[in-house]
1. Each residue of region 149-154 in turn: what ³J(HN,Hα) in whole Hz from Karplus with 6.51, -1.76, 1.60 and θ = phi - 60°, glycine and Pro shown as x?
2. Inverting the mean 1/r over all pairs of different Cα atoms, compute the Kirkwood radius of region 107-210 and quote it in Å.
3. Each residue of region 36-45 in order: what ³J(HN,Hα) in whole Hz does its phi give by Karplus 6.51 cos²θ - 1.76 cosθ + 1.60, θ = phi - 60°, with x for Gly and Pro?
4. Do any of K162/K186; K37/K180; K138/K162 go past 18 Å between their Cα atoms, and which?
5. Enumerate the amide H contacts of I75 below 5 Å, restricted to partners 5 or more residues apart or on another chain; note that Pro and chain-start residues carry no placed amide H.
6. Summing +1 for each Lys or Arg and -1 for each Asp or Glu, what net charge is found among the other residues whose Cβ lies under 13 Å from the Cβ of V35?
7. What residues qualify as long-range amide H neighbours of H204, i.e. H under 5 Å apart, gap of 5 or more or another chain, H built at 1.01 Å from N?
8. Taking only the alpha carbons of region 152-213, what extent do you get along each of the three principal axes, in Å, biggest first?
Amino acid sequence: MTRAGGLALALALAVGALTACGTPGPDDRPRYHTVKKGETLWRISQDYETTVDALVRANDIRDVTTLPVGTRLFIPPSMRYAPRRSAERYNGSHPKGRASSVRLAWPIQGKLSSRFGIRDQVHHDGIDIKAPRGTAIKAAEAGRVIHSDDSLAGYGNLIIVKHAGNLSTVYAHNDRNLVKVGEFVKKGQVIGEVGRTGRATTHHLHFEVRRDGRPRDPLQYLQ
């Protein structure tokens, strides 16, 4: 199995292990949700096909790690059902939306050493960013960690974060992973450190963006 095939399988297995949730029907009226025990902003965003950032902005949430039971949240319109102006306002990331509707933060600052596309007659599924060993790697978007180990050949220490809208981000060749499977991470949270584990010749971050499990050009998403 190729590296790309192995990663696609890992994504499919990890996503399949998540609890399935129902999706609300179309409704242009204001919607609200009362937080229940055990619920997180990420899970609520998945239920209503919006994003954690949209919920945070719409409800002026200051601490995303604390969500008291009984809190009444305003649900911003989703990309699927909302009028165009609402979707643009809340910057949703439904899988049918354009890449430009999703804005991811750069996971590290460094020199772009390899781009997305054909490289040495093989498709390169992400971008490579050079940086010194130990440089902090930050989550490009809020989401749930669905993979965090070195079990996938070639990638070394690998982290995969699942976001709203069937979007996932991949962080590979890490010196250390600082998050565990099942953990919710905030946008900009440090999740690992740059290394050269796996099939790597220099210290760098291999970063991928995948929608529905398929690799996309990260430069179309990074702001």
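Read-outs: derived from the displayed coordinates by stated rules, not from any lab. All of these numbers come straight from a predicted model, not from anything done at the bench. Note that we place each Cβ from the backbone using ideal geometry, even for glycine, and neighbour counts take in every protein chain shown.
1. After applying 6.51 cos²θ - 1.76 cosθ + 1.60, I find 5, 10, 7, 9, 3, x Hz.
2. Working: mean 1/r = 0.0748 Å⁻¹.
Result for region 107-210 stands at 13.4 Å.
3. After applying 6.51 cos²θ - 1.76 cosθ + 1.60, I find 9, 4, x, 7, 10, 4, 4, 5, 5, 5 Hz.
4. K37/K180
5. When sequence neighbours closer than 5 places are left aside, the close amide H contacts are R31, Y32, H33.
6. Working: positive: K36, K37, R43, R72; negative: E39, D47.
For residues surrounding V35, the net value is +2.
7. The answer is A131, G195.
8. The Cα atoms of region 152-213 stretch 34, 22, 17 Å along their principal axes.
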